[in-house]
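Below you'll find the structure, written out as structure tokens, and then a few comments.
The values are calculated or read from the model by the stated rules, or taken from the named source; none is laboratory data. The structure displayed is predicted, hence computed values, not measured ones. Virtual Cβ from ideal backbone geometry, glycine too; neighbours counted across all protein chains shown.
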Amino acid sequence: MSRRRKPASQSSSSTSKSENSLPDDQAANTDEPGENAGPGSNLKILLSLWLIFHLFAITLSYTGVVGPSETHSQINEALQVYLRPAHFAADGRPIYLARGEASEQPHRLQTSRLKPLADANLFALPIDDSRWETVAPPGARGLGGNDRYHRWLSTAATLSGNEQPSLVAELLLPAVIDDTEIKAVRIVRLPTELTTTADDSAAPPYAAYVARKNANVSLVQVVQPRLSTQQRGDDDE
Amino acid sequence: MSDSATDRSRETLPAAIQGWDRFWFSPGSTRAAARIRAGLCLITAIYFIGAWGDCTRWLAGDAPFSVNRTSTFLQAAGLENDARWIVSPLFLIDRLFGGHGLVYRAYLLIGIGLCAAVAFGRGRQMACWALWIVFVGWANRLMLLAGVTEILLSLGLFAAAVAPPAAAVGSERRDWKAGFSLRLNAVQITLFAACTIATMLAGSAWWNGLAGYALLAPIEDRTLGIGGPDSIFSQAIVYDLITHGLVIALPIGMLLCWVWRRSWIGPAIVIAWCAVVAILGSHWLYGLTFACLALSIRQDD
């Protein structure tokens, strides 16, 4: 300790304010020209307080992406005024990389120009059915454009799963509004090595007709017929 | 209080406070800080170039995330309150210039120009902060379309902006702001890694071995043509080992980065972790940013 303090006490009589806290090798260099050794004590206190707050805030935000408690959520909410303008907030983004959930599957937007398309055909599989055209993601795979396409459609699919068809329509309408030939639209999830046959044969998470009246365009979601109802209908026949 | 009195009072501070003081406010190498910042500038430039092709598809005119549609969407979803702190100059610029695609491309060009200027130590401190503000403006404008990479880049560019401007291959100088910048990046990425591991382990896929496979799974969105039913990755022992390896390697790598701060062992493990994540999950920019920030833990002198 005495070795560490020696250069500090020498420099304290001149201009430097904080060399006494430096390691040996760094403190020994503080007389070199052009070196900015440290901030003043008031600035140090301010920066220290900010550091504690900042590190606490980002930690709370990133740990909050998996089922936070009510208190955790409330504190997180209060911290948004700091985190969001700086884009430090996790906001539920998957920092855990992968979970094997359906929302991680590749999503594709498909459009159909055929008319009339029966309700059942909106859910027709396979995905590469000739009645449907797939809107390809932009850019190289694994880079930004591809990721943005995925987030657009997985958000829409999640909203559809939460029974929010008007919000899904807000997200999808721009993709079909200008092409008057498009009669129907749907979001499909592509199979992966992780999905089972049952997963792959599940209905698309969203399907809708494009309704056009004068200048107004809207999406009319079609809910998939329940399998049990379908079965009874077959039996009746 | 005189300087000598201040020094005396500081000498009586508890060891923990002295350690805090020494850790955060001792001078660091401007060249080391400039190297990290140049790496982040390169990644940010790649990010902006990647956004060039599809920015109009999402943001301009009547696109799904144009200002008008975003506003309508947030109103319909009742999210106006949540979104009020997501600020970006692009919202204002869009209103002024009518959401034209050229506006967004001009913004990206400014971002790319700033990346080049900051990487070469040009434009003074203001350019460093301007780059962070331009990037945050872009990420906030994307809103729902922004992912994890944007968070890492924002954290990294923010901390990097603190360091005095310098070229990555320029002359060596020691400055407390360079040290503060490096340590802020080092602590931020360590916390981020800790949260990554904690949240990974909150899901069963990282315990039952399937997460490595899940990371690889989306065939159509994969950059490299690895995987498939006949590949080595479809064997249980391979994806189990990848999953457990990823869970174990990150904390060990980060720990070694801190314990042996002059050694390359820790950074090598973290870089290998980033490479595996990037290759399997096609998270290229995420992997590059994570690795670049992890290098800031290395002893800089």
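Here are some notes:
- Helices (runs of 4 or more DSSP H) completely within region A:47-164 that count 3 or more residues being of a type in the set (Gly, Ala, Ser) and at pLDDT 85 or above: A:144-161
- Residue in region A:165-192 that is farthest from the other protein chains (Cβ to nearest Cβ), counting only those that are among the polar types (S, T, N, Q) and not in a helix (DSSP H, G or I): A:Thr180
- Summed over region B:87-102, the residues that are in a helix (DSSP H, G or I) and either on the phi > 0 side of the Ramachandran plot or free of Cβ contacts under 8 Å to residues at least 12 places away in the same chain (or both) give a count of 4.
- Top-ranked residue of region A:57-78 - restricted to ones that are at the interface with another protein chain (Cβ under 10 Å from one of its Cβ atoms) and of a type in the set (A, V, I, L, M, F, W, C), ranked as surrounded by the most Cβ atoms within 10 Å (Cβ to Cβ): A:Ile58
- Candidates B:Ala116, B:Ala160, B:Ala130, filtered to the one that is crowded, with 22+ Cβ neighbours inside 10 Å, at pLDDT 90 or above and over 21 Å from A:Arg93 (Cβ atoms): B:Ala160
- Some residue of region A:178-189 being closer than 25 Å to B:Ser71 by Cβ and at pLDDT below 85: yes
- Within region A:202-216, residues that are touching a residue at least 40 places away in the same chain (Cβ under 8 Å) have Cβ atoms under 6 Å from residues that are polar (S, T, N, Q) and surrounded by 14 or more Cβ atoms within 10 Å (Cβ to Cβ) in these pairs: A:Ala203/A:Gln224; A:Pro205/A:Ser160; A:Tyr206/A:Ser160; A:Ala208/A:Gln221, counting only partners at least 6 apart in sequence or on another chain.
- Among the helices (runs of 4 or more DSSP H) confined to region B:234-301, the ones with at least 2 residues that are at pLDDT below 90 are located at B:236-259, B:265-281.
- Check on B:Ile242, over 30 Å from B:Gly50 (Cα atoms), of a type in the set (A, V, I, L, M) and in contact with a helix residue (DSSP H, G or I) (Cβ under 6 Å, 6 or more places away or on another chain): no
- Any chance B:Leu74 is in contact with an Asp or Glu (Cβ under 6 Å, 6 or more places away or on another chain), over 28 Å from B:Phe120 (Cβ atoms) and not hydroxyl-bearing (Ser, Thr, Tyr): yes
- Scanning region A:79-91 for residues that are aliphatic (A, V, I, L, M), surrounded by 16 or more Cβ atoms within 10 Å (Cβ to Cβ) and more than 14 Å from the chain's Cα centre (by Cα) yields a count of 3.
- Flag set for B:Asp62, criterion: among the charged types (D, E, K, R) and surrounded by fewer than 21 Cβ atoms within 10 Å (Cβ to Cβ).
For every residue, the table says whether it meets (1) more than 8 Å from chain A (Cβ to nearest Cβ); (2) at pLDDT 85 or above; (3) buried (at least 19 other Cβ atoms within 10 Å of the Cβ); (4) within 25 Å of the chain's Cα centre (by Cα).
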{"position": "B:Gly170", "(1), (2), (3), (4)": "yes, no, no, yes"}
{"position": "B:Lys177", "(1), (2), (3), (4)": "no, yes, yes, yes"}
{"position": "B:Arg183", "(1), (2), (3), (4)": "yes, yes, yes, yes"}
{"position": "B:Phe192", "(1), (2), (3), (4)": "no, yes, yes, yes"}
{"position": "B:Trp207", "(1), (2), (3), (4)": "yes, yes, no, no"}
{"position": "B:Asp221", "(1), (2), (3), (4)": "no, no, yes, yes"}
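Quick grid of which residues meet (1) modelled with pLDDT under 80; (2) surrounded by 10 or more Cβ atoms within 10 Å (Cβ to Cβ); (3) touching a His at 6+ places or on another chain (Cβ under 7 Å); (4) of a type in the set (Val, Ile, Thr):
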position	(1), (2), (3), (4)
A:Ser166	no, yes, no, no
A:Glu193	yes, yes, no, no
A:Thr196	yes, no, no, yes
A:Ser201	yes, yes, no, no
A:Gln224	yes, yes, no, no
A:Asp236	yes, no, no, no
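- Residue within region B:223-246 that is under 25 Å from A:Leu60 (Cα atoms) and under 18 Å from the mean Cα position of the chain (by Cα) present: no
- Hits in region B:44-86 (condition: in a helix (DSSP H, G or I), closer than 18 Å to B:His100 by Cβ, at the interface with another protein chain (Cβ under 7 Å from one of its Cβ atoms) and within 23 Å of the chain's Cα centre (by Cα)): B:Ala51, B:Trp58
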